[in-house]
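Take a look at the structure set out below.
The values are calculated or read from the model by the stated rules, or taken from the named source; none is laboratory data. Predicted model, so just to flag it, every value in this text is computed and none were measured. Counting neighbours? That spans all protein chains shown, and the Cβs are built from the backbone with ideal geometry, glycine included.
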Amino acid sequence: MALEKTPKADIRAKARRYFEVSLVISLLLITAAFAFFPDLEREQVVIEANDEIVKVEDIENTRQENRPPPPPRPPIPIEAPSSDAIEDIDISSEIDLGVQMEAPSAPPAPKKEEEEEEVYFEVVEDPPTIIGGLEAVKKHLVYPDLAIRAGVEGTVIVLAYVNKEGVVTGTEVLRGIGGGCDEAAMEAVKKVRFNPGQQRGKPVNVKVSVPVKFRLN
């Protein structure tokens, strides 16, 4: 059986009435307070503050003035000696006018060294050829003992500088094999003679490469 609230026990139904009654009572109390106590002195709160004086100083900008250099000091006067204080100085030279002076000889003019570097052509119309062919080179060729013991074989390319007379003035190794064969090949090429190379019918200096073979029997 469900329980039901009685109207007397329902608080929510009387809440509005209680609110209105309490509001009326509060208004009456405020009105009575203003009616019976009209003079209410308010306490004045005074806040004292110490005035601080702040001084602001202006800072002057520093300036660098270019001052002119000081004037030079006046020279100190020096008294010149009198003519009485100066002794007579006898300056004499012995010159024999009868002797004839020889004029200094001019220095010898430097000798002009006319040393013109010889130019060797690399390509000419008629290149130089070895007199006797490569067999002439073999006659002067010495197989080094070190290369023989080491079994060194190959071809050494020697660049020979052949002048207008067909004489080898210098050699270079373009490709070597080592073992002393390079030096032996250059010595053999230096000992042979060439038919000089010609350009337009005139003998000229020419660079020519010579292959020198080393073979063990």
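Examine segment 177-199 for a residue that is more than 16 Å from G133 (Cα to Cα), exposed (fewer than 13 other Cβ atoms within 10 Å of the Cβ) and more than 48 Å from the chain's Cα centre (by Cα), and state whether such a residue exists. No, there is no match, as no residue in segment 177-199 is more than 16 Å from G133 (Cα to Cα), exposed (fewer than 13 other Cβ atoms within 10 Å of the Cβ) and more than 48 Å from the chain's Cα centre (by Cα).
If you go through segment 121-159 and pick out every residue that is of a type outside the set (S, T, Y) and under 11 Å from A185 (Cα atoms), you end up with 10.
Test E165 against the stated conditions and say whether it is over 29 Å from N217 (Cα atoms), modelled with pLDDT under 90 and not aromatic (F, W, Y).
Answer is no for this residue.
What's the number of the condition A147 fails, among (1) surrounded by 15 or more Cβ atoms within 10 Å (Cβ to Cβ); (2) under 25 Å from E122 (Cβ atoms)? With respect to (1) surrounded by 15 or more Cβ atoms within 10 Å (Cβ to Cβ); (2) under 25 Å from E122 (Cβ atoms), A147 is out only on (2).
Can you tell me which residues in segment 126-161 are under 20 Å from G176 (Cβ atoms), in a loop (DSSP other than H, G, I, E, B) and aliphatic (A, V, I, L, M)? Once the filter is applied, which keeps residues that are under 20 Å from G176 (Cβ atoms), in a loop (DSSP other than H, G, I, E, B) and aliphatic (A, V, I, L, M), segment 126-161 yields L141, V142, V152.
Considering each residue of segment 200-217, count those that are surrounded by fewer than 18 Cβ atoms within 10 Å (Cβ to Cβ), within 50 Å of the chain's Cα centre (by Cα) and not small (G, A, S), and give that number. Let's see the steps before the verdict.
Looking only at segment 200-217, we keep the residues that are surrounded by fewer than 18 Cβ atoms within 10 Å (Cβ to Cβ), and these are 200-202, 209, 211, 213, 215-217.
Next, only the ones that are within 50 Å of the chain's Cα centre (by Cα) stay: 209, 211.
Next cut, not small (G, A, S) only: 211.
Final tally of qualifying residues: 1.
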